[in-house]
Amino acid sequence: MTGPLGGGRGPDGPDDGPGAAPRIPGPRAAGDDLDPPPFLLPPVSTVHSATPVAVPQLPHNVLKSLLGAWALAACSTEETAAVEAHLTECAPCADEALRLRDAVGLLHNDVELDLDPLLRSRVLENCLGRRAARIPVPAWAAPYDTETARLDALLRDFGEADWETPLRLKWFDGREPVSRGTTVAGVIGHLLSVDGLVASALGLDDPVAPEAATGAPSQPHPTHVPYSPYSPAERTERFWHSARTPAAREVRAAWRGQAHTLVRTVSFAGRGVAELSVSYGDFTLPLRDALLDRAFECWVHADDIAQAVHYPYAPPSGPHLHDMIELAVRQLPAALAARRRAGLAGPARRLVTAGSPGRSLHLEVEGAGGGHWHIPLDSPGAIGDPEQSVAQIALDAVEFCQLVAGHVMPAEVAVGQEGDREAIRDVLFAAASLSRL
């Protein structure tokens, strides 16, 4: 009886017939009797040579351990020949070699490492689509934002004793140098109270209560009529003697919070707010200049504090320092005219040239933030004419700022001078008279 597979001796059947298929498969054919499989193609790095390579006889466990190196083309020529000869005889190693070669193909996938030039724009576009852009700080408010942040960084690690470090605030009252003793905490209170002038102009909370002054309104003034009940010096004295004056560490938090509020407010207010008038009592400044003035005073007093606690403090960056110097230069003609009215400067004189704005002085400020300016000597509202220059002054940028701050007196400042001595003296004293408490 023939079995289900045909042939062979079943339990009930005879031996297979001569034409029947064998019940048990025959031995497996040798690898070299078939077409070579793709994994037996030699690696790219295999060295081909016309000289036959001797195939070393290596144990099976050694050949199996070389399969990984062979797949990475890291074997020597003799090892490569031995492994490939072994793969034609050992089916398990041949299967393992195939898997290793496939894995190596994944590791060696060619990828372009240069970034897509449009990647940045696509990422930014996607980010802006998901979240609105931050409101940038106006360029004219950046010096104030920077200088308040730098001073705050200096104060961050102060201990209790540092806040009580004594120092003297110096300025020039138009005739002679004066000073006022206080502490580090007192200086921050001074900055807080005078910055309140800007806060008041913007309709924000004023740290110096306006209702304390006779007849002063208790509500914020309309933005088109700036209100300031006190001059900077009066505000500071009132704040220092106020029962509501915060403690040393609290005054820093109050000052820094007010600075943040001012920067945030002008950033959201738009372009028109830059020309809003800020009253200083006896004069006014547009908001853009008032914040620059506050940045200048913040740096000057930060340097006072740093010297008192024996800590180095760098001047502002070149562009910010240039803006501060230019603000002082723009105020010099009016300061010179005020000193002339008080009998503290020489009389105005006009040159014979028809239509001329009068004499001018060439001011050269050297160093980072410096520049060249021609200051009108006889007409405060005129533009200095280089052709009518009668004198020249050259001095360092930081030293010029110290003169404007009243920290260096006109007779002490190191300047290069040439020309009309009276004009030079008048301009130097006018620069010092810009200082105040």
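Just to verify a result, which residue in segment 128-142, among those that are under 28 Å from L327 (Cβ atoms) and either exposed (fewer than 15 other Cβ atoms within 10 Å of the Cβ) or among the basic types (K, R) (or both), is modelled with the lowest pLDDT?
Result: R134.
With the structure loaded, tell me whether V329 is touching a residue at least 40 places away in the same chain (Cβ under 8 Å), assigned to a helix (DSSP H, G or I) and outside the structural domain of V300 (by TED's automatic domain parsing) or whether it fails that test.
Taking the combined requirement at face value, the residue satisfies it.
Which of the numbered conditions does L106 fail, given that it passes all the others? Conditions: (1) surrounded by 11 or more Cβ atoms within 10 Å (Cβ to Cβ); (2) at pLDDT below 90; (3) among the hydrophobic types (A, V, I, L, M, F, W, C).
All conditions are met except number (1).
Got a number for residues in segment 348-367 being modelled with pLDDT of 90 or more and either assigned to a loop (DSSP other than H, G, I, E, B) or over 12 Å from A397 (Cβ atoms) (or both)? First the steps, then the outcome.
Initially, segment 348-367 is screened for residues modelled with pLDDT of 90 or more, giving 359-367.
When the remaining residues are screened for being either assigned to a loop (DSSP other than H, G, I, E, B) or over 12 Å from A397 (Cβ atoms) (or both), the result is 359-362, 367.
The number of residues fulfilling the criteria is 5.
Hey, can you tell me all the residues within segment 275-315 that are among the β-branched types (V, I, T) and assigned to a helix (DSSP H, G or I)?
Scanning segment 275-315 gives V300, I305.
Restricting the first residue to segment 407-430 and requiring it to be assigned by TED's automatic domain parsing to the domain that holds H362 and closer than 21 Å to E387 by Cα, which pairs with a second residue that is assigned to a strand (DSSP E or B) and not hydrophobic (A, V, I, L, M, F, W, C) meet a Cβ separation below 6 Å and a spacing of at least six or different chains?
Once the first residue is assigned by TED's automatic domain parsing to the domain that holds H362 and closer than 21 Å to E387 by Cα and sits in segment 407-430, its partners that are assigned to a strand (DSSP E or B) and not hydrophobic (A, V, I, L, M, F, W, C) give E418/Q392; G419/Q392; I424/Q417.
I need a count of the residues in segment 143-165 that are of a type outside the set (D, E), part of a loop (DSSP other than H, G, I, E, B) and more than 27 Å from D293 (Cβ to Cβ). Full working, then the answer.
First, pick out the residues of segment 143-165 that are of a type outside the set (D, E): 143-144, 146, 148-151, 153-156, 158-159, 161, 163, 165.
Add one more test, that the residue is part of a loop (DSSP other than H, G, I, E, B), and what stays is 156, 158-159, 165.
Filter once more, keeping what is more than 27 Å from D293 (Cβ to Cβ): 159.
Of the residues in segment 143-165, 1 are of a type outside the set (D, E), part of a loop (DSSP other than H, G, I, E, B) and more than 27 Å from D293 (Cβ to Cβ).
Out of S360, S379, report the one residue that is of a type in the set (S, T, Y) and touching a residue at least 40 places away in the same chain (Cβ under 8 Å).
S379
Just give me the residues in segment 398-437 being in contact with a Leu (Cβ under 6 Å, 6 or more places away or on another chain), outside any loop (DSSP other than H, G, I, E, B) and within 22 Å of D304 (Cβ to Cβ), in sequence order.
If the condition is that a residue be in contact with a Leu (Cβ under 6 Å, 6 or more places away or on another chain), outside any loop (DSSP other than H, G, I, E, B) and within 22 Å of D304 (Cβ to Cβ), then V404, A431, A432 are the ones that fit.
Is it true that A345 is farther than 30 Å from T183 by Cα, in a loop (DSSP other than H, G, I, E, B), aliphatic (A, V, I, L, M) and at pLDDT 90 or above? Spell out how you get there, then give the answer.
Working: farther than 30 Å from T183 by Cα: yes; in a loop (DSSP other than H, G, I, E, B): yes; aliphatic (A, V, I, L, M): yes; at pLDDT 90 or above: yes.
Yes.
The values are calculated or read from the model by the stated rules, or taken from the named source; none is laboratory data. The shown structure was predicted, so the numbers you read here are calculated from the model rather than taken from an experiment. Quick reminder, even Gly has a Cβ in these numbers, built from the backbone with ideal geometry, and neighbours come from all protein chains shown.
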